[in-house]
Amino acid sequence: MKTLNPPQSPAAAGAALAEAQANAVPASAAAAAQVTIALLRAHSLTSAVHAEIERLILLGELAPGAKLTEALLADRLGVSRGPVREAFRILEEAGLVRQEKNRGVFVRSIPLDEAAEIYDLRAMLEESAGRQLAERIAPEQLRALRTMVEQMERLVREGHDTSASDQYHLLNLAFHEALVDGVGNRKLSALYRRLVKELSLLRRANLAYGRQIPVSVSEHRAILKAIAAGDADGAGRALRAHVIESKERMLKNQSGLAPFAEEPAAPAAPRKVRHA
């Protein structure tokens, strides 16, 4: 005959349940931690893949119209296709690539009318930023801007070549980003960066003409002078005029160029992305 254990008192039963739950917590927490770590690793890897493909696009190594092959990029970056696919989604949301049904993913070619609209929006944003910055720029911010303009002028004195164009392009981006960031409005900075990324290839084409760089430098010097003088109206006008002049140069330069090809002659070779 089977012997039954005597029933536990409520207190004993409660203690037993508490002990069981306590013993179960470490296993449950460990499992949750593993899931969290896996998600963080996947997110970090996707971010790294996204950053590398974006870098290739912004540097012009993946030209407008270039077809981006998921499998090829995954192989060259040393990752699975999942992070590449997710990176494509992020880049599409940022306006840098487009996905076409049954055709694939391509680096966007921005129509001239859309580019002109982006320049007009930039003119408004930078005019506002210039006015605000002239009224309250910190000494260290002013020194940083002055250093960048002096570096631009040095590149012009040293003569124009492809290397100088690349260096000038980076200084140009840094100067305008410093202006906008100096306002201290994160939403403004985020919107500005999105617009700049969409215009990146067209803006590089504008500066690729050596004769345009000295003009651009003089415009930056005028902007700096107005900000340093605390002239809010002058800074706003100088920045707006600079962006509008850039738009006019873009329209003039691009009007004489052939449309971007839909397919590149050969894919670029991106850098390997290390797993997190």
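The values are calculated or read from the model by the stated rules, or taken from the named source; none is laboratory data. Note that the coordinates shown come from a computational prediction; the quantities given were computed from them, not determined experimentally. Here Cβ is always computed from backbone atoms with ideal geometry, including for glycine, and neighbour counts include all displayed protein chains. The accessibility values were calculated without ligands, DNA or RNA, using every heavy atom of the protein model including side chains. Shrake-Rupley method; radii C 1.70, N 1.55, O 1.52, S 1.80 Å.
Table for the structure above
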{"item": "Rounded to whole Hz, the Karplus (6.51, -1.76, 1.60) HN-Hα couplings of the stretch 219-234, x for glycine and proline", "result": "5, 5, 5, 5, 4, 4, 4, 5, 5, 4, 7, x, 8, 4, 5, x"}
{"item": "Extension reserve of the residue 253-residue 178 stretch, reckoned as 0.36 nm per residue once the Cα distance is removed", "result": "24.3 nm"}
{"item": "For the stretch 56-101, fraction of C-alpha pairs farther apart than 13 Å, in %", "result": "58 percent"}
{"item": "Accessible surface, the stretch 68-208, averaged per residue in Å² (probe 1.4 Å)", "result": "48 Å²"}
{"item": "Model label zone, residue 186; criterion: amide N under 20 Å from point 7 Å along Cα-to-beta-carbon; scope the stretch 100-136", "result": "129"}
{"item": "Contour excess over end-to-end distance, with Cα ends at residue 81 and residue 218 and 0.36 nm allotted per residue", "result": "44.6 nm"}
{"item": "Contact order relative to length of the stretch 56-144, as percent, for alpha carbon pairs under 8 angstrom and 6 or more apart", "result": "26 percent"}
{"item": "Mean separation of Cα contacts under 8 Å (6+ apart) over length of the stretch 74-194, as relative contact order %", "result": "21 percent"}
{"item": "Distant-in-sequence amide H partners of residue 68 (H built 1.01 Å from N, under 5 Å)", "result": "105, 106, 107"}
